[in-house]
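Quick notes on the structure that follows.
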Amino acid sequence: MADRLSAEARRQVLGGLPGWSEVQGRDAIGKTFIFKDFNEAFGFMTRAALAAEKMDHHPEWRNVYKTVEVVLSTHDAGGVTALDVALAKTMNAIAG
Ligand code: HBI
């Protein structure tokens, strides 16, 4: 099982994750993606969902029209792990 990152390590990895930041009051990272329209937003979610399933690591996310709010944390570890960093990188790559 992946280990939780230290606060320092979490801050460091965020430097390489454009648009991602710490979630207030939680050991988690978050990003709000804004797309052209719902079609683009849902297409992102579809591709990200397949990647998440492949990783067996799943996001907490909310979609309202063209906006997708994502929060990543490893529930089994109680905080941010390398799995969240990997999924965040993948989501950024999918979003383009
Ligand atoms: N996704 N974000 C997140 N955190 C987890 O701990 C997690 C998951 N997806 C699947 C998963 N754990 C399973 O491996 C365990 O529930 C067995």
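From the residues in the stretch 63-96 that are over 11 Å from the mean Cα position of the chain (by Cα) and part of a strand (DSSP E or B), which one is nearest to the ligand (Cβ to nearest atom)? So the residue we want is GLY79.
Pairing each residue of the stretch 78-96 that is over 14 Å from GLU40 (Cα atoms) and in contact (Cβ under 8 Å) with a residue 60 or more places away in the chain with any residue that is of a type in the set (A, V, I, L, M) and surrounded by fewer than 16 Cβ atoms within 10 Å (Cβ to Cβ), provided the two are 6+ apart or on different chains, yields C-beta distances under 9 Å for VAL80/ALA9; THR81/MET1; LEU83/MET55. Restricting attention to the stretch 52-62 and to residues that are surrounded by 16 or more Cβ atoms within 10 Å (Cβ to Cβ) and in a loop (DSSP other than H, G, I, E, B), the residue that is farthest from the ligand (Cβ to nearest atom) turns out to be PRO59. Among the candidates ALA41, ALA88, the residue that is over 24 Å from ARG10 (Cβ atoms), touching a strand residue (DSSP E or B) at 6+ places or on another chain (Cβ under 7 Å) and surrounded by 15 or more Cβ atoms within 10 Å (Cβ to Cβ) is uniquely ALA41. Listed residues SER21, SER6; which is without any contact (Cβ under 8 Å) to a residue 24 or more places away in the chain, polar (S, T, N, Q) and in contact with a strand residue (DSSP E or B) (Cβ under 7 Å, 6 or more places away or on another chain)? Going through SER21, SER6 in turn, just one is without any contact (Cβ under 8 Å) to a residue 24 or more places away in the chain, polar (S, T, N, Q) and in contact with a strand residue (DSSP E or B) (Cβ under 7 Å, 6 or more places away or on another chain): SER21. Residue count for the stretch 1-51 under the criterion of being closer than 18 Å to ASN92 by Cβ, in a helix (DSSP H, G or I), more than 16 Å from the ligand (Cβ to nearest atom) and not hydrophobic (A, V, I, L, M, F, W, C): the result is 6. Among the residues of the stretch 1-17, the ones that are among the β-branched types (Val, Ile, Thr) and in contact with a Phe, Trp or Tyr (Cβ under 7 Å, 6 or more places away or on another chain) come to 0 in all.
Values quoted throughout were computed directly from the atomic coordinates according to the rules given, and no laboratory measurement underlies them. On a predicted model such as this, the values are computed, not experimentally measured, just so you know. In this analysis, Cβ positions are derived from the backbone assuming ideal geometry, glycine residues included, and neighbour counts consider all displayed protein chains.
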